Amino acid sequence: MGLSSCYCPEYLKDASKKMKNGLMFVKLVNPCSGEGAIYLFNMCLQQLFEVKVFKEKHHSWFINQSVQSGGLLHFATPVDPLFLLLHYLIKADKEGKFQPLDQVVVDNVFPNCILLLKLPGLEKLLHHVTEEKGNPEIDNKKYYKYSKEKTLKWLEKKVNQTVAALKTNNVNVSSRVQSTAFFSGDQASTDKEEDYIRYAHGLISDYIPKELSDDLSKYLKLPEPSASLPNPPSKKIKLSDEPVEAKEDYTKFNTKDLKTEKMAAQRQKRGK
């Protein structure tokens with residue numbers, strides 16, 4: 001399931017209680033900011049999704065056979081639950097001991113975090129970010145402790161997978177380019193490997209704490225960006241008890257650039 005859309009903002013008014021067709025909206029901690037954000041559990045697929053909002057003031061959508069006024073669109077995309085679990089594993093690591101998972105994933109502010117433990121195959125994933133202990137002769141419990149070394153290796157794989165996806169889709173990620181609207185796949189191939197890694201690192205950093213993001217940058221041996229190059233537009237998103245919202249309107253950004261280029265071309269022709 002690559003992308004599932006739902007234009008149902010009324011579901012989010014009481015996210016912890018609303019359920020429909022096996023879908024449950026809950027507020028969980030955002031692993032990057034530590035603040036609350038809305039997530040979606042699909043109980044049928046037993047999968048976790050993050051919920052975001054695309055919003056334009058003057059926009060409408062075709063939904064089935066009707067037109068829905070307003071540009072507000074909620075959409076949900078799959079998210080690896082390990083990103084959310086890392087928040088609790090890192091916090092518990094301050095105690096410096098192995099603990100059962102149900103004692104690690106505890107949150108008085110976001111009590112629905114226990115739903116993360118119900119996701120299938122979770123124990124098989126934990127070896128990517130933890131050290132594990134257990135004594136079958138005493139009990140059947142497993143005990144976990146956050147492993148920074150394993151986590152950085154796992155995140156490096158995530159970065160490499162993202163780089164491969166960017167290249168496959170011919171996405172231009174050069175630090176000198178703020179939009180891919182005017183570039184073909186051939187031009188995108190001129191990007192340096194470092195550009196891809198840096199861009200992928202930025203995407204992954206939206207799902208991990210800043211300190212871990214900095215450690216990952218060092219682990220990937222990324223050099224400091226050149227001060228002579230313009231910074232790409234921020235990908236940061238607004239997080240609150242409502243769905244996250246994008247701060248920038250890339251559609252308008254691209255349109256503005258296109259108009260500017262056309263006007264410049266026309267002036268140049270008139271000058272000749």
Over the range 83-118, the set of residues within 22 Å of the chain's Cα centre (by Cα), more than 14 Å from LYS148 (Cα to Cα) and in a helix (DSSP H, G or I) is LEU84, PRO111, ASN112, CYS113, ILE114, LEU115, LEU116, LEU117, LYS118
Scan the range 121-154 for residues that are surrounded by 13 or more Cβ atoms within 10 Å (Cβ to Cβ), more than 17 Å from ILE204 (Cβ to Cβ) and among the hydrophobic types (A, V, I, L, M, F, W, C) and jot them down.
-> LEU122, LEU126
Residue pairs qualifying under the 9 Å Cβ cut-off, at least six apart or on distinct chains, with the first in the range 189-204 being in the same structural domain as LYS157 (by TED's automatic domain parsing) and modelled with pLDDT of 90 or more and the second being of a type in the set (Phe, Trp, Tyr) and assigned to a loop (DSSP other than H, G, I, E, B), are none
The residue from GLY134, GLY121 that alone is small (Gly, Ala, Ser) and within 21 Å of the chain's Cα centre (by Cα) is GLY121
All but one of (1) closer than 24 Å to GLN47 by Cβ; (2) of a type outside the set (Lys, Arg); (3) touching a residue at least 12 places away in the same chain (Cβ under 8 Å) hold for SER147, so report the exception by its number.
-> (1)
Return only the number of the condition from (1) surrounded by fewer than 16 Cβ atoms within 10 Å (Cβ to Cβ); (2) at pLDDT 80 or above; (3) farther than 23 Å from SER205 by Cα that MET24 does not satisfy.
-> (1)
Given the structure, is PRO209 surrounded by 10 or more Cβ atoms within 10 Å (Cβ to Cβ), at pLDDT 60 or above and not assigned by TED's automatic domain parsing to the domain that holds ASN172?
-> no
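The values are calculated or read from the model by the stated rules, or taken from the named source; none is laboratory data. What you are looking at is a predicted structure, and each value in this text was computed from that prediction instead of being measured. All Cβ positions, glycine included, derive from the backbone under ideal geometry; neighbour counts span all protein chains shown.
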